[in-house]
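What follows is a single structure, written as C-alpha cells, with notes after it.
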Amino acid sequence: QLQLVESGGGLVQPGGSLRLSCAASGSNFDYYAIGWFRQAPGKKPEGVSCITSGDGSPNYEESVKGRFSISRDNAKNTVYLQMNSLKPEDTAVYFCAADFRDSNWCSLSVGYDYWGRGTQVTVSS
C-alpha cells in the first residue's frame, strides 16, 4: 500500500503558475497509476489528470489541456502537476490518488485505491 501527501498549493494570481507534488511512501510505486482530482466548493469532484504506470503516458481533462502537465519521478516516489495560466475556476482542493495497475492507460474517474488529504489552490487577484 501507499501513503500519499500533497504539497505545493497556495494563493496565486490569475495567469500565474503553481507546481503540486504528490509524495508517496510505500513499496512498488512504479506499478501505480497516479491521478490528480479536485473539488471546488459546492461542486462535484472531477478528475484533472493522470499518469500511467506502464509507460508514463498522461491523460488530461479537457479544460486543463495545454495548461497543466503531469509527470512522475519514480526514483523520488513523486508525481508532479505543473499548472500554468491558472484561472479563478481552477480554485479547488487538489487530491492525488493511486491505482495499483501496471498498465499503459489510466482513468480520470474510477479505480483509485489510495488518496491523500489534499492541498488548497486559490486563484484570485
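The table below lists the values:
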| item | result |
| --- | --- |
| Test: Val64 is free of Cβ contacts under 8 Å to residues at least 60 places away in the same chain and under 24 Å from Gly15 (Cβ atoms) | yes |
| Test for Asp113: is it surrounded by fewer than 20 Cβ atoms within 10 Å (Cβ to Cβ), of a type outside the set (Val, Ile, Thr) and more than 16 Å from Arg19 (Cβ to Cβ) | yes |
| Scope segment 98-110; condition open to solvent by less than 40 Å² (accessible area, probe 1.4 Å), of a type in the set (A, V, I, L, M, F, W, C) and within 16 Å of Asn77 (Cβ to Cβ); matching residues | Ala98 |
| Elements of type strands (runs of 3 or more DSSP E) contained in segment 71-125, each with 3 or more residues being in contact (Cβ under 8 Å) with a residue 60 or more places away in the chain, under 10 Å from the mean Cα position of the chain (by Cα) and within 15 Å of Trp36 (Cβ to Cβ) | 78-83, 92-100 |
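Let's see how each residue does on (1) surrounded by 14 or more Cβ atoms within 10 Å (Cβ to Cβ); (2) among the hydrophobic types (A, V, I, L, M, F, W, C); (3) under 19 Å from Arg117 (Cβ atoms):
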| residue | (1), (2), (3) |
| --- | --- |
| Lys65 | no, no, no |
| Asn84 | yes, no, no |
| Pro88 | no, no, no |
| Ala92 | yes, yes, yes |
| Cys96 | yes, yes, yes |
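The values are calculated or read from the model by the stated rules, or taken from the named source; none is laboratory data. It should be emphasised that the depicted structure is a prediction, and the values quoted were computed from it without experimental measurement. When we count neighbours, we look across all protein chains shown, and the Cβ atoms used for this are built from the backbone with ideal geometry, even at glycine. Areas reflect the complete protein model, heavy atoms only, side chains present, ligands, DNA and RNA absent. Shrake-Rupley method; radii C 1.70, N 1.55, O 1.52, S 1.80 Å.
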